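Taken together, the values in this text are just the output of simple stated rules run on the coordinates, not laboratory data. Please read all numbers here as calculations on a predicted model, not as lab measurements. Please note: Cβ atoms are built from the backbone with ideal geometry, for glycine as well, and neighbour counts cover all protein chains shown.
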Amino acid sequence: MRAGLLLVLGVVVCPGQRFTQRGFLETRTSLFPQEAPNDSGHVVAESLLRWEASYQAAGWLKLNLDAEARTDTHQQVERVLRLDTLDRSPRRPAFSVRRLSLLAYRGGWTVEAGKQFIRWGKADILNPTDRFAPRDYLNVTGSDFLGVTAARVTYERNRDTVDFVAAPRFTPSRTPLLNQRWAVLPAEAAAFAFEDKGTRIPGRTQFGARWSHRADGWEYALVFYEGFHHLPLFDGAVRLFPAPAIEFERVHPTLRLYGGDVAVPLRWVTVKGEAAWFTSRTRLADEYLLYVIQLERMVGEWVFVGGYAGEAVTERRNPADFAPDRGFARSFLGRAQYTIGPRRSVAFEAAVRQNGEGVWLRSEYSQQLGRNWRATAGFTLIRGDGRDFLGQFRLNSYGLVALRYSF
């Protein structure tokens, strides 16, 4: 990876017409009205500098590099001077490579090797088949995707597309920090200290394949995945001496997934569905079906998306896991966006549990200021029962103000 980075940097210092770049500098402030039991902070300020570059080395060969630098006031970002390429640290790295890949394409073939972003699935609200897409969950309801190191081969001919992926280096999702509000600990554990023993990183290569077909008036796909969950289980033990403590480590169970998706455009709406069956050889991992059914419609400058995410557990084995995708299941989900003009837009998102015990609502207003600046303001409201996945974050409602300069 480092050798590849030096190669790309060597290209960058000798730019030509085939070299393109863009980026932005963004500062954002999150305001939390309520204190959490393990976090009394009310204000979190963050700054992010992201640079994206590409070089067309030949008519069929392209180099991609995305890098970023960040800092914050809440110790979610490391205070270490190093360049991170793995995305395996509990905190966000101060300097990291988001993407570093070589892309080749000819005829119906496309091959990309290196660190990249791989997204599968048709649904807009939740993607059960998206297994090469770990996320940064330090803020559970405001997560970003992480790149994975993989080789991807795609072949497209007529109405069919076949996608093969092999990922030799595992990238886990980043989980909430124990001393911050997005880590909700059980009340009975208050008498214990927690000792984080780290993460067991799987060493075996992950494989996946997706075949999609565009039929007359609709399209569908089948998906297979063999590898590991990027979301962890927690394996822990109680230690009484010399002081009471709970020692734990993150374990990523094996995963074999069978799934598919479908999209059917109708006269008034587009119907989308996606489902996946999760099986595992790990004795502590649940086996379950996760699915999404949604309707999508555009009306003038409005875009409406609404649907239901469901779950059916075929074998329950684990009482302690961290699974936001399953946490948003058994819920009615929706999104609406209105483009006020070329410079302004508003967006709304919602998740309401079918039993009414958890609610997540997000609103956002964004406006472009001049050629390079954009300001965003929003509010996220979370309410519900403390035993519900959404409801447990009921103290974490927050307002957001962000200012971005693009170049």
Residue separation between Glu188 and Ile340 times 0.36 nm, minus their alpha-carbon distance, gives in nm 49.8 nm
With r as the distance between the Cβ atoms of Asn372 and Thr205 and R0 = 45 Å, compute the FRET efficiency 1/(1 + (r/R0)^6) and round to 0.05.
0.60
Non-local residues with an amide H under 5 Å from the amide H of Gln180, with H modelled 1.01 Å from N and Pro and chain starts lacking one, are none
What nm distance separates the two modelled labels at Ala151 and Leu49, each placed 7 Å from Cα along Cα→Cβ?
3.6
Express the Stokes-Einstein translational diffusion coefficient of region 171-310 in µm² s⁻¹, to the nearest whole number, given a Kirkwood radius over alpha-carbon pairs, 10 °C and a viscosity of 1.306 mPa s.
85
List the trypsin sites (Lys or Arg not before Pro) within region 102-166 that DSSP assigns to loop and that have no more than 15 neighbouring Cβ atoms inside 10 Å.
Arg119, Arg159
What list of ³J(HN,Hα) values in whole Hz, one per residue of region 200-217 in order, does the Karplus curve 6.51 cos²θ - 1.76 cosθ + 1.60 (θ = phi - 60°) give from phi, with Gly and Pro shown as x?
7, 8, x, x, 7, 5, 9, 10, x, 9, 9, 10, 10, 9, 9, 8, 6, x
Go through region 254-260 residue by residue and turn each phi into a ³J(HN,Hα) via Karplus (6.51, -1.76, 1.60, θ = phi - 60°); whole Hz please, and just put x for glycine and proline.
5, 8, 10, 10, 10, x, x
At what distance in nm do the modelled label points of Leu381 and Leu31 sit from each other, each positioned 7 Å from its Cα along Cα→Cβ?
1.7
From the phi of every residue in region 191-196, what ³J(HN,Hα) in whole Hz does the Karplus formula 6.51 cos²θ - 1.76 cosθ + 1.60 yield, where θ is phi - 60° and glycine or proline is x?
7, 10, 8, 10, 10, 7
In which sequence would Ser40, Ser397, Ser212 go, from the one with the fewest C-beta neighbours within 10 Å to the one with the most?
Ser40, Ser397, Ser212
Based on Cβ point charges of +1 for Lys and Arg and -1 for Asp and Glu, what charge dipole magnitude is obtained for the chain about its Cα centre, in debye rounded to the nearest 20?
1020
Report the calculated FRET efficiency for Arg281 and Phe241 (r = Cβ-Cβ distance, R0 = 41 Å), to the nearest 0.05.
0.70
In square nanometres and to one decimal, what's the mean projected area of the convex hull around the Cα atoms of the chain?
21.9
